[in-house]
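Colleague: My questions all concern the structure below.
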Amino acid sequence: MSYDLLQSVEASVKVNSNVPELLSGDTVRVFFKIIEGGKERIQRFDGVVMRLRGGKGVNASFTVRRIGADGVGVERTFPFRSPRIDRVEVVRHAHVRRKNLYFLRERRGKAARLRDRRRTLPGANKRAAEALAAKQVQPQVAPPQPPVVPVVPAEPTTDTHE
């Protein structure tokens, strides 16, 4: 197979715009179409993105792992460019130090939890710096003071009681 033919086939496969950028450790909800007989329905698969493969090519895929009934782990691999994927929602991001989270297969219960990561939005630091600069430029205006009323000392009284 020639390289030009391979390039033309790859170019003809459309990118699925319903799949956001994913990272290992993200908790996602994948909504995909299932065709049973003549009927089509959408099924949801919730879990943790355990592995990413194929970069940004035609064969790129991601594997999602969830714990099913009776504590049995279920893994499902979805191609990024599949037309059967209706949409993917990212629920949360986790801080991981691995590309492939195969160690989750041996973990159970609380041991399988991943630490939450706070992801800053692009340009968030720039906006924060601009807001800080705007606060520093504004002159400090003192709040209005109530009018000062002079205090007159009271006259001494004479007590006749003994």
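Computed from the coordinates by the stated procedures, all read-outs in this text should not be read as laboratory data. Model, not experiment: these values are computed from the prediction. Every residue, glycine as well, gets a Cβ built from its backbone with ideal geometry; the counts of neighbours run over all protein chains shown.
Colleague: Excluding same-chain pairs closer than 8 in sequence, count the lysine pairs in the chain whose Cα atoms lie under 26 Å apart. Could the numbers behind the result be given before it?
Modeller: Details: 14/33; 14/39; 14/56; 14/99; 33/56; 56/99; 99/110; 126/135.
Going through the chain pair by pair, I get 8.
Colleague: Please list log₁₀ I(q)/I(0) at q = 0.15 Å⁻¹ for the chain, using the Debye equation with identical point scatterers on the alpha-carbon positions.
Modeller: The Cα Debye sum returns log10 ratios of -0.97.
Colleague: Sort 115, 108 by Cβ crowding within 10 Å, fewest neighbours at the top.
Modeller: Least to most surrounded, the residues fall as 115, 108.
Colleague: Given only helices, namely DSSP H runs of n ≥ 4 each adding -39500 (n - 2.57), what is the per-residue ellipticity at 222 nm of the chain, to the nearest 500 deg cm²/dmol?
Modeller: It comes out at -4500 deg cm²/dmol, rounded to the nearest 500.
Colleague: Taking 0.36 nm per intervening residue step and subtracting the Cα-Cα distance, what contour gain separates residue 41 from residue 118 on full extension?
Modeller: Extending this stretch completely gives an extra 24.3 nm.
Colleague: Using +1 at the C-beta of Lys and Arg and -1 at the C-beta of Asp and Glu, which of 77, 91, 153 has the Cα lying farthest in the positive direction of the dipole of the chain?
Modeller: 77
Colleague: Are there chymotrypsin sites (Phe, Trp or Tyr not before Pro) in segment 1-63 that DSSP marks as loop and that have at most 10 other Cβ atoms within 10 Å, and which are they? Present the calculation step by step, with values, prior to reporting the outcome.
Modeller: Working: sites: 3, 31, 32, 45, 62; in loops: none.
When the chymotrypsin sites (Phe, Trp or Tyr not before Pro) of segment 1-63 are filtered for loop state and at most 10 Cβ neighbours within 10 Å, nothing remains.
Colleague: While we're here: In percent, what relative contact order does the chain have, based on Cα pairs under 8 Å that are 6 or more apart in sequence? Walk me through the numbers before you get to the answer.
Modeller: Values: 205 pairs, mean separation 33.9, N = 162.
Answer for the chain is 21 percent.
Colleague: Going by C-beta contacts inside 10 Å, put 26, 86 in order with the fewest on the left.
Modeller: 86, 26
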